[in-house]
Amino acid sequence: MGCTDSIADNYVHFAVVDDGSCIISGCLDSTNPWFDPRANRDGGLEACMVVVPGCMDSTACCGSYSALATVHNEADCSYKGCAVAGTLNYDDSPNVVNDASMCIFKVKGCMDSAADTYKSSANIHLAQFCKYAGCMDPANPGFDDAATIPDPSACDVLYHGCMLSGAFNFETFYNADDGSCVCPSTMEDTASCKYVLGCTDEADDNYKENANLDDGSCASSRRRALEDVYGDVDLATLTELDRISAEMSSTGDASSQQAWPSTTF
């Protein structure tokens, strides 16, 4: 019989029956980090840890770290940071030691890199600070409705002329209509034309209601031109002469230019 607990001070290795006589020395202070709940005898000063509270964080600054500390106390640690109120990274923790070099001060400005007033150092975006250069002439094809700073060089070079397809003086490179379109009376929409060519004689068979500039196409005008050449002949003869003149002119026969008077005005 004897103590059969191998960690006991009085362990008897040959004992087969434990008689409850085991003595285990250790730290009996339950508040100490080295407290041993199995101990039943005070092991003295060496059994319990000497408690030295302090900062055990080696990353702490300003001499607050203690290599001798045995129990960590966060309140004893100091850390560098920004303690300037109003900065973006303001830290009001009680153990922060201010380091102004770590502070991020507020910089207001336009943070849109596409803006002409973009401020790379800004960290607070203010849209009203953003300005964009561009063509601000609403009549120009290059007009930019997002522009807030006039930039004449951004506007398209204007080529004034008739932009109405089907007009006699239409050109594809025109980009600014100047209202100078001269149109045939056969166009469906002539409202944008300055001049509409056709017969303006309301009493004539060839009269065009939308024409505002006579082009000599009236039948009476053609007859007068023939009468000036051939004299006073009957209507049937004049009509036939007119037909032949128009027919020969359409073929490009040079002789027709000499034999028959021009009836186009």
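The values are calculated or read from the model by the stated rules, or taken from the named source; none is laboratory data. Computed from a prediction, not measured in an experiment: that's the story for all the values here. Note that each Cβ is placed from the backbone with ideal geometry, even for glycine, and that neighbours are counted across all protein chains shown.
Some notes on this structure:
- Evaluated against (1) touching a Lys or Arg at 6+ places or on another chain (Cβ under 9 Å); (2) farther than 29 Å from Cys77 by Cβ, Cys61 falls short on exactly one condition, (2).
- Meets criteria (aliphatic (A, V, I, L, M) and at pLDDT 95 or above) for Met163: no
- For segment 1-25, filtered to residues that are in a loop (DSSP other than H, G, I, E, B) and of a type in the set (S, T, N, Q), the residue that is surrounded by the fewest Cβ atoms within 10 Å (Cβ to Cβ) is Ser6.
- If you go through segment 135-150 and keep only what is out of contact with any helix residue (DSSP H, G or I) (no Cβ under 9 Å at 6 or more places or on another chain) and closer than 21 Å to Thr117 by Cα, you end up with Phe143, Asp145, Ala146, Thr148, Ile149, Pro150.
- Segment 98-120 - residue that is polar (S, T, N, Q) and surrounded by 12 or more Cβ atoms within 10 Å (Cβ to Cβ) and, of those, nearest to the chain's Cα centre (by Cα): Thr117
- One residue from Ser180, Ser185 being more than 38 Å from the chain's Cα centre (by Cα), surrounded by 14 or more Cβ atoms within 10 Å (Cβ to Cβ), at pLDDT 90 or above and not acidic (Asp, Glu): Ser180
- Qualifying residue in segment 4-15 (condition: within 27 Å of Thr70 (Cα to Cα) and charged (D, E, K, R)): no
- Looking only at segment 174-191, residues that are more than 17 Å from Lys208 (Cα to Cα) and either part of a loop (DSSP other than H, G, I, E, B) or touching an Asp or Glu at 6+ places or on another chain (Cβ under 7 Å) (or both) come to 6 in all.
- Qualifying residue in segment 42-62 (condition: outside any loop (DSSP other than H, G, I, E, B), out of contact with any helix residue (DSSP H, G or I) (no Cβ under 6 Å at 6 or more places or on another chain), at pLDDT below 95 and over 30 Å from Val97 (Cα atoms)): yes
- Qualifying residue in segment 72-84 (condition: surrounded by fewer than 17 Cβ atoms within 10 Å (Cβ to Cβ), touching a strand residue (DSSP E or B) at 6+ places or on another chain (Cβ under 6 Å) and hydrophobic (A, V, I, L, M, F, W, C)): no
- The conditions of being closer than 30 Å to Cys218 by Cβ, among the acidic types (Asp, Glu) and at pLDDT below 95 are met by Asp205.
- Pairing each residue of segment 135-153 that is surrounded by 12 or more Cβ atoms within 10 Å (Cβ to Cβ) with any residue that is part of a strand (DSSP E or B) and hydrophobic (A, V, I, L, M, F, W, C), provided the two are 6+ apart or on different chains, yields C-beta distances under 7 Å for Ala147/Ala133; Ile149/Ala133; Asp151/Ala133.
- Residue check for Phe129: in contact with a Leu (Cβ under 9 Å, 6 or more places away or on another chain) and either touching a residue at least 40 places away in the same chain (Cβ under 8 Å) or at negative phi (or both): no
- Within segment 196-216, residues that are at positive phi and aliphatic (A, V, I, L, M) have Cβ atoms under 6 Å from residues that are surrounded by 16 or more Cβ atoms within 10 Å (Cβ to Cβ) and in a loop (DSSP other than H, G, I, E, B) in no pair, counting only partners at least 6 apart in sequence or on another chain.
- Residue, surrounded by the fewest Cβ atoms within 10 Å (Cβ to Cβ), within segment 26-40, restricted to residues that are charged (D, E, K, R) and farther than 14 Å from Tyr11 by Cβ: Asp29
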